[in-house]
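Data first, discussion second: the structure below is written as structure tokens.
The values are calculated or read from the model by the stated rules, or taken from the named source; none is laboratory data. The structure displayed is predicted, hence computed values, not measured ones. Reconstructed Cβ throughout: ideal geometry from the backbone, glycine too, with neighbour counts over all protein chains shown. We work out accessible area using only protein heavy atoms, side chains counted, and drop any ligands, DNA or RNA first. Shrake-Rupley method; radii C 1.70, N 1.55, O 1.52, S 1.80 Å.
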Amino acid sequence: MAINLQTPIDYLKGVGSSRADLLRKELGIFTYQDLMHLFPNRYIDRTQYYKINQLQRNNADVQVIGKIVSFTEVGQKRGKRLVAKFQDGTGTMELVWFRGHKWIKDSLKLNTPYVAFGKTNWFNGTFSMAHPELELLAEHEKNLRSAMQPVYPSTEKLSNRGISNRVISKIIQQLFIDANGKFDETLSESLRKELHLIGKSEALFNIHFPKSPELLAKAQFRLKFEELFYIQLQLIIKNLMHKSKIKGLPFEHIGEHFKTFFEEHLPFELTNAQKRVLKEIRSDLGSNAQMNRLLQGDVGSGKTIVALMSMLMAIDNGFQACLMAPTEILSIQHYNGLLDLCKNLKINIKLLTGSTKTSERNKILETLKNGELNIIIGTHALLEDRVEFNNLGLAIIDEQHRFGVAQRSKLWRKGPDAGGAIPPHILVMTATPIPRTLAMSVYGDLDISIIDELPAGRKPIKTVHRYDKNRLNVFRFVKDEIAKGRQIYIVYPLIQESEKMDYKDLMDGYESIARDFPMPDYQISIVHGKMKPADKDYEMQRFIKGETQIMVATTVIEVGVNVPNASVMIIESAERFGLSQLHQLRGRVGRGAEQSYCILMTGHKLSSDSKTRLETMVKTSDGFEIAEVDLKLRGPGDLMGTQQSGVLNLKIADIVKDKDVLHHARYHAKKILNEDPKLAKQEHAVILDTYRKLSKFKNIWNYIS
Ligand code: ADP
Ligand code: MG
């Protein structure tokens, strides 16, 4: 019989209550299972022993056999350290401790062979090793030891309290002894066969005590696959349950508005990607389940027209639709854009924002409630309680990363069934692409559509990196562009922590630009976060109408603004922006027929990450490619949505590095659920069982944390 992995670690021989407390607090290890899944961060070759005269000045981890011949205490007070002279036949080195002097002196033996393990430092003509791991040579030879020595995650507290890497390794060894090396299999035989995966027990053994690099690699693959497989399985099951449980409003037919628009008023040929995405949406809307879809598309890929045509489907089926945008400027733009697109259709569209006048607002709310209004566009104002629909069938959220889950769910309850049992269909749109692999893991509850193609005939934006000292040239170029009738953005960073500094930078910049581009030849708009919304709007509108040629701004213009005549985007201190932000900003130009430019201005000193970001921007304009680089630079922690999804709590797999394993895992999870949605087949019993245990376990964790 296998041991019960839910046993609290206190019961394991060699742990005891004080160590158990530390393991719980420091590493979150509560049970045998947690311990089993404490995977090493890396491995060190411990078959190799160094002589002191062979040591290199490279700070490597090494092990040396020798004897301590003396102890001395050096330094004063805080800087006090204990130094041991450590010798082998070839030379002398120093072992150094900054803490725990008494305990160390008492417990170590002089003139007895030890194996010292740690990082070497070269200082003042001597090698030294700080806080080495020491083991009596006699003990060392007795221990179970593999060529690849695991290095476990640790904390300062743990190592100060004597729970060294070796102790952890020993505890895990004890667990293997108790379990007789046998652990329950958690993947089906057919999966193991098909993917040539080694068994669970063998994998666990080799991850902790690798017999060879080959077996270690196999163990890692098997365990990574398993981890990602069960995450995917959970996500897909959640999505399937959503579809079977949450009823949708059936939009059964394609009607007059859609047809007329499609056949007579479409201002351009749709791209293939737009057509494909519309089909996906149509098929959701026509099914009996609620649509809950994320539409990802790069800046300028044409999401708005997809949104409009989806709303026409709603109207044709007797429902209302709404489109919510994160800022007033954006909603005004959407409103004007949609009015224009729909000018030949008989539909009623209105705009509602925080600054809509009371009398106007009351009229809008009334027609919304009695059903005269077909489409309402607006900001957060749409979420207010007094905004009541007659029969909201489709809610679209633009730039969804600006909104939280709570806001999405508020829209749910605005459907015709106030209880929310039959919610409106939901489409969220984002122009901050995240890599597909990550999207799969993060947005488990959403279906994903991707527009991966730009409308034909777009001229690629020319992007260059220039240093501050080239400013004169840049300004000369800007003047030429303005002379041709173009408009220019100049953007300054806005980073919360140093808001004052940012503001000063912006104002200094504005003054110097005003000097270089003097009135009356040049008109300049300025927009920043400290302005009142009405003033901001006024300045934006001046620029949109072409009354000013230069827009000096902080990143408030980042998202969505559409001024097709603007052809140059200058980003100041570009090294201070993140990649996705740079990409968003660049997307503000290149919207018209003219050649557009993006100029990234920086100082001379650049970190290597900044350099990579700038080079990436110059090299590519593909939002998905940029997102991949961003993910590599920043890790998934900073990307939206990752916090909720648990991709950060992976124990062994790495969402970035193990992309291929993730694809396999998703593919097989899907395939199995396709064949056997309830996991009822005998061959899937082990998967069902593991899945259940994992779900139960997860709930417990949510409860605790
Ligand atoms: P985004 O996806 O960034 O919201 P928009 O919907 O604002 O992009 O579209 C960007 C511009 O491209 C708009 O001016 C729009 O009219 C135009 N556009 C959209 N689809 C097409 C197409 N298939 N062919 C030509 N132009 C298009
Ligand atoms: Mg848009």
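How would Trp103, Trp122, Trp97, Trp412 line up by accessible area, probe 1.4 Å, largest first? Could the numbers behind the result be given before it?
On the way: Trp103 180, Trp122 105, Trp97 10, Trp412 55 Å².
Highest to lowest solvent-accessible surface, that is Trp103, Trp122, Trp412, Trp97.
Could you sort Thr112, Thr602 by their accessible area in this structure, using a 1.4 Å probe and putting the largest first?
Working: Thr112 35, Thr602 0 Å².
Output order, biggest surface exposure first: Thr112, Thr602.
Using 1/(1 + (r/R0)^6) with R0 = 22 angstrom and r between the beta carbons of Ser190 and Asp654, what's the FRET efficiency to the nearest 0.05? Could you put the intermediate results ahead of the total?
Working: r = 27 Å, r/R0 = 1.21.
Efficiency, from the Cβ-Cβ distance: 0.25.
Going through region 462-527, which trypsin sites (Lys or Arg not before Pro) have at most 14 other Cβ atoms within 10 Å and a DSSP loop state?
Values: sites: Lys462, Arg466, Lys469, Arg471, Arg476, Lys479, Lys484, Arg486, Lys500, Lys504, Arg515; in loops: Lys484, Arg486.
Of the trypsin sites (Lys or Arg not before Pro), the ones in loops of region 462-527 whose Cβ has at most 14 other Cβ atoms within 10 Å are Lys484.
From zero outward in steps of 5 Å, how is the percent of C-alpha pairs of region 47-144 spread across the bins?
Percent of pairs per bin, in order: 3, 13, 26, 26, 18, 11, 3, 1, 0.
So how much accessible area does Met241 have, in Å² to the nearest 10, using a 1.4 Å probe?
90 Å²
If Lys and Arg each add +1 and Asp and Glu each add -1, what is the summed charge of the other residues whose beta carbon sits under 14 Å from the beta carbon of Ser18? Could you put the intermediate results ahead of the total?
Working: positive: Arg19, Arg24, Lys25, Lys157, Arg161; negative: Asp10, Asp21, Glu26.
Summing Lys and Arg as +1 and Asp and Glu as -1 gives +2.
Loop-only check: which GluC sites (Glu not before Pro) in region 200-271 are DSSP coil with at most 16 other Cβ within 10 angstrom? If you can, show how the numbers build up before the last one.
On the way: sites: Glu202, Glu214, Glu226, Glu227, Glu252, Glu256, Glu263, Glu264, Glu269; in loops: Glu252, Glu269.
Here the GluC sites (Glu not before Pro) that fit, given the DSSP loop and packing criteria, are Glu252, Glu269.
Rounded to the nearest Å, what's the spacing between the alpha carbon centres of region 508-522 and region 158-220? Just the number, please.
67 Å
Express as a percent, rounded to the nearest 5, the fraction of DSSP beta bridges in the chain (both residues included) that run antiparallel. Don't jump to the answer; show the numbers that get you there.
Numbers: 35 of 90 bridges.
For the chain, the DSSP antiparallel bridge percentage is about 40.
At a probe radius of 1.4 Å, what is the per-residue accessible area of Tyr32, in Å² to the nearest 10?
For Tyr32, the solvent-accessible surface is approximately 20 Å².
Bin width 10 Å, origin at 0, all Cα-Cα pairs of region 208-297: what percent of pairs per bin?
So the P(r) values, bin by bin, are 13, 26, 22, 16, 13, 7, 3, 0.
Can you sort Phe624, Phe262 by solvent-accessible area, 1.4 Å probe, largest first?
Numbers: Phe624 30, Phe262 95 Å².
Ranking Phe624, Phe262 by accessible area, largest first, yields Phe262, Phe624.
Strictly over 26 Å apart at the Cα level, which of Lys346/Lys369; Lys619/Lys670; Lys350/Lys410; Lys343/Lys462 would you flag in this model?
Beyond 26 Å between Cα atoms: Lys619/Lys670; Lys343/Lys462.
As a test of the formula, what do you get for the chain when each DSSP H run with n ≥ 4 contributes -39,500 (n - 2.57) and the sum is divided by the residue count, at 222 nm and rounded to the nearest 500 deg cm²/dmol? Intermediate values should be presented prior to the final figure.
Working: 25 runs with 290 residues, N = 705.
Result for the chain: -12500 deg cm²/dmol, rounded to the nearest 500.
Any idea of Leu158's accessible area? Nearest 10 Å², probe 1.4 Å.
Around 0 Å² of this residue is reachable by solvent.
Suppose the Debye formula is applied to equal point scatterers at every Cα of the chain; what is log10 I(q)/I(0) at q = 0.06, 0.11 Å⁻¹?
Values returned for q = 0.06, 0.11 Å⁻¹ are -0.51, -1.18.
For Lys51, list the lysines whose Cα falls under 16 Å from its own Cα; do not include residues on the same chain fewer than 8 positions away.
Lys67, Lys85, Lys119
Mind checking region 451-560 for GluC sites (Glu not before Pro) that DSSP puts in a loop (not H, G, I, E or B) and that have at most 13 other Cβ atoms within 10 Å?
Numbers: sites: Glu453, Glu481, Glu497, Glu499, Glu511, Glu539, Glu547, Glu558; in loops: Glu453, Glu547, Glu558.
Here the GluC sites (Glu not before Pro) that fit, given the DSSP loop and packing criteria, are Glu547.
Modelled label-to-label distance, Asp676 and Asn272, 7 Å Cα→beta-carbon offset: nm?
3.8 nm
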